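The values are calculated or read from the model by the stated rules, or taken from the named source; none is laboratory data. Just so it is clear, the model here is predicted, and its values are computed rather than measured. Every residue, glycine as well, gets a Cβ built from its backbone with ideal geometry; the counts of neighbours run over all protein chains shown. In case anyone asks, the SASA skips ligands and DNA or RNA and just uses the protein heavy atoms, side chains included. Shrake-Rupley method; radii C 1.70, N 1.55, O 1.52, S 1.80 Å.
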Amino acid sequence: MVGSLAFETEQKYGKLLAPYLADPENLFIISSDFCHWGSRFGYTYYQSSEDTQPCDLSARDGRPNGVPIWESIQRLDSEGMDVITQLDHVMFREYLDDTSNTICGNHPISVLLAAVNHLYPKDVQNRDGPRLRFVKYDQSSKVCSAKDSSVSYASAYLWLPC
């Protein structure tokens with residue numbers, strides 16, 4: 001189990017767990033929800049279009065004029081998933097710092113990325129290197145109003161070369 005960790009500690013645990021990740025006899029399961037959106041979660045990030053600055057909505061905002069809120073959430077999560085597929089611990093931390101996305105398992109994901117980065121440094125990763133692919137994404141509800149809430153879910157797998 002992994003709780004809240006500093007970046008340096010994520011790297012330390014990634015290095016510690018890397019040999020176990022490399023062992024094909026082992027199976028790692030990293031579990032996390034993605035965005036927890038709504039005032040009850042204290043997170044109401046909204047970006048009306050890709051060209052606009054994000055903002056925080058309040059319940060009195062109702063329905064914004066741009067894309068539906070659920071699409072903004074999906075775009076936010078998709079950006080995070082794209083970063084994770086790059087298998088770059090630093091990039092993922094920067095994404096979290098920039099968006100504050102409420103991915104509750106961000107630390108276990110970060111430890112996994114740190115382990116992969118220890119085994120396969122970015123300068124030697126190539127098309128035959130490790131690959132992470134997302135296979136399913138969904139939201140508990142399609143948020144239309146700033147009064148609504150939602151939790152996002154995503155599943156992925158990581159393939160490591162033998």
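Numbers at a glance
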{"quantity": "On Cα atoms only, tilt of 69-85 relative to the major axis of the chain in degrees", "calculated": "10 degrees"}
{"quantity": "Linear extension gain, ASP82 paired with LEU16, 0.36 nm per residue minus alpha-carbon span", "calculated": "21.2 nm"}
{"quantity": "Which of MET81, MET91 is most accessible, then next, and so on - probe 1.4 Å", "calculated": "MET91, MET81"}
{"quantity": "Inter-site label distance for MET91 and SER141 at 7 Å from Cα along Cβ, in nm", "calculated": "3.4 nm"}
{"quantity": "Spacing of the two label points (7 Å from each Cα toward its C-beta) at CYS104 and PHE134, in nm", "calculated": "1.8 nm"}
{"quantity": "Point-to-point label distance, ASN26-SER58, nm (Cα→Cβ direction, 7 Å offset)", "calculated": "4.9 nm"}
{"quantity": "Proximal lysines relative to LYS12, as straight alpha-carbon distance under 29 Å, when same-chain residues fewer than 8 apart are discounted", "calculated": "LYS122"}
{"quantity": "Karplus-derived 3J(HN,Hα), 6.51/-1.76/1.60, for each residue of the range 39-45, Hz, glycine and proline x", "calculated": "4, 5, 9, x, 9, 10, 4"}
{"quantity": "For the range 32-86: rounded, prolate or oblate by the Cα gyration tensor [a/c cutoff 1.5]", "calculated": "oblate"}
{"quantity": "Accessible-area ranking of ASP148, ASP98, largest first, probe 1.4 Å", "calculated": "ASP98, ASP148"}
